[in-house]
Amino acid sequence: MTMQFNDETFRGDYTYHNSQKAIRRFPFPFDQDAYMYSVNIEQHPGGPEGSPFEVMFDVDEHYVAEMKDREITLAEDPLRCQSLPHMELAGWDLLELIMVSKARDYPELFTLHRDGNDWHWINKPLGIEKKFTFLDPTTLPCGPMEYITRQTQGDFALLHERDGNLWMDAGMVTSQADWSLDFDVGMNFFEWHAPVPKARKMGVFDKALKFLLSVGQDQSYRRLNWTLTVNPRLDTSPETYHKWGPEKRSVTPENVGRKQFLRVELQTFFRLPRSNALAFPIRCYLANLEDLAGQPKWGRRLHRVLRDIDPTLAEYKGFAVNQEMIVDYLSQFDDGAPTSPGIFPDG
Amino acid sequence: MKLALKVTEIEQLSPLVKRFRFEDPKGASLPVFSGGAHITVEMPEGDTIRRNSYSLISDPYDGSGYEIAVRREDRGRGGSLYMHRKLSEGDDITVSTPANLFQLDLRARKHVLIGGGIGITPFLSQLKQLDMEQKPFELHYAARSREEAAGLKLLPKAAHIHVHLSEEGARMDLGAILDGQPMGTHVYTCGPEGLIAAVADQAARLGWPKSTVHSEAFTAPPPGEPFDVVIASTGQTVTVKADQSLLEALEAAKVEINYSCRGGVCGRCRTKVIACEGRILHNDHWLSIEERAAQKDIMPCMSRFKGTRLELDL
Ligand code: FES
């Protein structure tokens, strides 16, 4: 089966859209009718057939358009991709992990031939064919991390382990929700999480760090995080706030269903073999309230979660100003019926 | 994850040290790793499985096999004796995937590696990685005599590889090694505690930042007198035999517990002590002096107990 890729934009006229299939497989992040910040970690990959959890690196109908959007962001601000010199080996590790996984999981889209360190990579959706020498950076047009993450959906952080902490020493960040690479390169785990309210006090980060440090070479994990954004915009970085911040005020009771998007991050963790670094891919999925409410279970649950959420979290997640409008809109989908457990839609 | 492998080579490197090579029975490629990584080897004996961790000494980017070097400890718990006496070429062996608690800091301008005795082992994979990465380094290997220096057979001959044999009058001079190294040099030490302390001392005296001084003091858990522990959640009493570690005894009793290094350095097995009437014999490198004195935590991979009652929060 070949995949159809959408012709769509994540800025300007915002023609981004989800097919029925994409909506049904959306990684809805709430497994119950209330939300609590937690370290909800599961093994990855693994999940129902067709879900975004099934394979290591999910490729979907937005792939080609997302890669174009990344190109635009990088052309405007090359510092969205940075790698300190000692992270090059981790970049090769990541390139290998992604190429091997994609060629295995999507043979009709990607091919990788390896003869020792002579590699031949074919990426059909993006029309790329490249012969290069593994571990030899002179044979690629840019560093290995940049090369492969220009061809992979999601943001990427590469973390270096030292002194019992993790340091974000490389990354490709063009679709971040609430953090900025320029600000975070060289920062450790606690520094770059500092703004999350409550979590520090709950000791969540100490536990999360302990967990991350113990991730072994053969194990990989995921967790979901979420926020809300107005318009299907990938690049909601602090640097470009002046471009997207004011859009929050363009929401009206008439357009909120189409303009207000739930933004879900599928965060995964991998221990890389040669560098012993941790790879932290953060994949972003977007769906508007109208599309989500088309699944009755999600409509009911989303209403309850956003209505009852702790006000500091609504503030932190950036939707407090529009919360009333959002909850009013969603209330029409909530008949008070109970919802089934788990995140997947009914039927 | 565990890897079911075959022993394909055993070589006597010195009277006390043997080299072992493990490969996949079907020739499949094993996960590559980073310099300084170790694997945990399972040694089933009777109703218990003993597990020891050993540094990998083979080429980290070569997945065709894993190699380790094991020194026979005649007064140990029996792990090394199992490796030396029971294991033959062609035998099955189960090992863990590699993990690394002693990785190179690739930010360093130069790496100085100092290995004493069997402490040479983690450097054997690191120097291959440094060669491949074309990073400047020098290695110093100290041993008592040529006969005991098992590492000699495994080290390449090169100008930046120095062997110090005390019996031949060539004692290692740490001052001379560390003084005058370029700014941004990192030093790594593995071997007896005395050597690690001496290097740290020398580096501090020369004003090296703490973050540039690395060491690994991983030893197998020592044997000792048998003792009992009580598991708080079930009330069950577990007896730790003389030649068993507390961690091994807990595993044999099917008590769930985390571990990685099994050598008191990773912190993974740390367990809360609920009641302690007696003295914990701390043998780990994880707890601080204050934490040891408090007797509120124990590292079951290494430590033992002497007294009337020890109750663990498990
Ligand atoms: S298992 Fe590593 S400290 Fe006990």
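Summary table below
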read-out	value
Among (1) away from chain A (no Cβ under 14 Å); (2) over 25 Å from B:N52 (Cβ atoms); (3) open to solvent by 40 Å² or more (accessible area, probe 1.4 Å); (4) touching a residue at least 24 places away in the same chain (Cβ under 8 Å) - the single one B:V230 does not satisfy	(3)
Selection within segment A:228-252 - open to solvent by less than 20 Å² (accessible area, probe 1.4 Å) and modelled with pLDDT under 90	A:D235, A:T236, A:S237, A:T240, A:G245
Matching residues in segment B:257-272 - criterion: being at pLDDT 90 or above and open to solvent by less than 10 Å² (accessible area, probe 1.4 Å)	B:C269, B:T271
Any hit, segment B:204-219, residues being β-branched (V, I, T) and open to solvent by less than 20 Å² (accessible area, probe 1.4 Å)	yes
Residue match in segment A:265-278 (condition: at pLDDT 95 or above, away from every other protein chain (no Cβ under 14 Å) and surrounded by fewer than 21 Cβ atoms within 10 Å (Cβ to Cβ))	no
Tally, over segment B:31-46, of residues that are within 14 Å of another protein chain (Cβ to nearest Cβ) and part of a strand (DSSP E or B)	3
Residue check, A:T174 in a loop (DSSP other than H, G, I, E, B) and surrounded by 15 or more Cβ atoms within 10 Å (Cβ to Cβ)	yes
Extreme residue, nearest to the other protein chains (Cβ to nearest Cβ), among residues of segment A:101-131 that are assigned to a strand (DSSP E or B) and among the aromatic types (F, W, Y)	A:W119
Matching option when the condition is touching an Asp or Glu at 6+ places or on another chain (Cβ under 8 Å) and either among the charged types (D, E, K, R) or modelled with pLDDT under 95 (or both), among A:H86, A:H17, A:H44	A:H86
Sole exception among (1) open to solvent by 50 Å² or more (accessible area, probe 1.4 Å); (2) within 10 Å of the ligand (Cβ to nearest atom) for B:T308, by number	(2)
Flag for A:E88 being within 14 Å of chain B (Cβ to nearest Cβ), open to solvent by less than 60 Å² (accessible area, probe 1.4 Å), farther than 21 Å from A:S175 by Cβ and part of a helix (DSSP H, G or I)	no
Criterion violated by B:M183 - all others in (1) surrounded by 16 or more Cβ atoms within 10 Å (Cβ to Cβ); (2) in contact (Cβ under 8 Å) with a residue 60 or more places away in the chain satisfied	(1)
Every residue from segment B:233-267 that is within 16 Å of the ligand (Cβ to nearest atom) and without any contact (Cβ under 8 Å) to a residue 12 or more places away in the chain	B:N258
Filter pass, B:G224 being in contact with a strand residue (DSSP E or B) (Cβ under 8 Å, 6 or more places away or on another chain) and not in a strand (DSSP E or B)	yes
Test: residue in segment A:92-100 that is away from chain B (no Cβ under 14 Å) and modelled with pLDDT under 95	no
Output for segment A:143-167, where each listed residue is more than 14 Å from chain B (Cβ to nearest Cβ) and open to solvent by 30 Å² or more (accessible area, probe 1.4 Å)	A:G143, A:E146, A:R150
Some residue of segment B:17-30 being surrounded by 18 or more Cβ atoms within 10 Å (Cβ to Cβ), within 14 Å of chain A (Cβ to nearest Cβ) and part of a loop (DSSP other than H, G, I, E, B)	yes
Residue tally, condition in a loop (DSSP other than H, G, I, E, B) and open to solvent by 60 Å² or more (accessible area, probe 1.4 Å), over segment A:6-33	6
Any hit, segment B:247-256, residues being under 19 Å from B:R50 (Cβ atoms), in contact with a helix residue (DSSP H, G or I) (Cβ under 7 Å, 6 or more places away or on another chain) and buried (at least 18 other Cβ atoms within 10 Å of the Cβ)	no
Criterion: away from every other protein chain (no Cβ under 14 Å), hydroxyl-bearing (S, T, Y) and open to solvent by 30 Å² or more (accessible area, probe 1.4 Å) - qualifying residue of B:T237, B:T189	B:T237
Qualifying residues in segment B:77-107 (those that are part of a strand (DSSP E or B) and more than 9 Å from chain A (Cβ to nearest Cβ)) - the one farthest from B:H214 (Cα to Cα)	B:D92
Answer residue from segment B:269-289, given it is outside any strand (DSSP E or B) and in contact with a Leu (Cβ under 9 Å, 6 or more places away or on another chain) and is farthest from the ligand (Cβ to nearest atom) among those	B:R270
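Yes/no per residue for (1) buried (at least 17 other Cβ atoms within 10 Å of the Cβ); (2) out of contact with any His (no Cβ under 7 Å at 6 or more places or on another chain); (3) part of a helix (DSSP H, G or I):
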{"position": "A:G299", "(1), (2), (3)": "yes, yes, yes"}
{"position": "A:H303", "(1), (2), (3)": "yes, yes, yes"}
{"position": "A:L313", "(1), (2), (3)": "yes, yes, yes"}
{"position": "A:D334", "(1), (2), (3)": "yes, no, no"}
{"position": "A:A337", "(1), (2), (3)": "no, yes, no"}
{"position": "A:P345", "(1), (2), (3)": "yes, yes, no"}
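Matching residues to (1) closer than 29 Å to B:L206 by Cα; (2) within 14 Å of chain A (Cβ to nearest Cβ); (3) surrounded by fewer than 23 Cβ atoms within 10 Å (Cβ to Cβ):
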{"residue": "B:I118", "(1), (2), (3)": "yes, no, no"}
{"residue": "B:E133", "(1), (2), (3)": "yes, yes, yes"}
{"residue": "B:E138", "(1), (2), (3)": "yes, no, yes"}
{"residue": "B:R171", "(1), (2), (3)": "yes, no, yes"}
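The values are calculated or read from the model by the stated rules, or taken from the named source; none is laboratory data. Keep in mind that what you see is a predicted model, and the values were worked out from it rather than measured. Every residue, glycine among them, receives a Cβ derived from its backbone with ideal geometry; neighbour counts consider all protein chains shown. Ligands, DNA and RNA are excluded from the accessible area calculation, which covers all protein heavy atoms including side chains. Shrake-Rupley method; radii C 1.70, N 1.55, O 1.52, S 1.80 Å.
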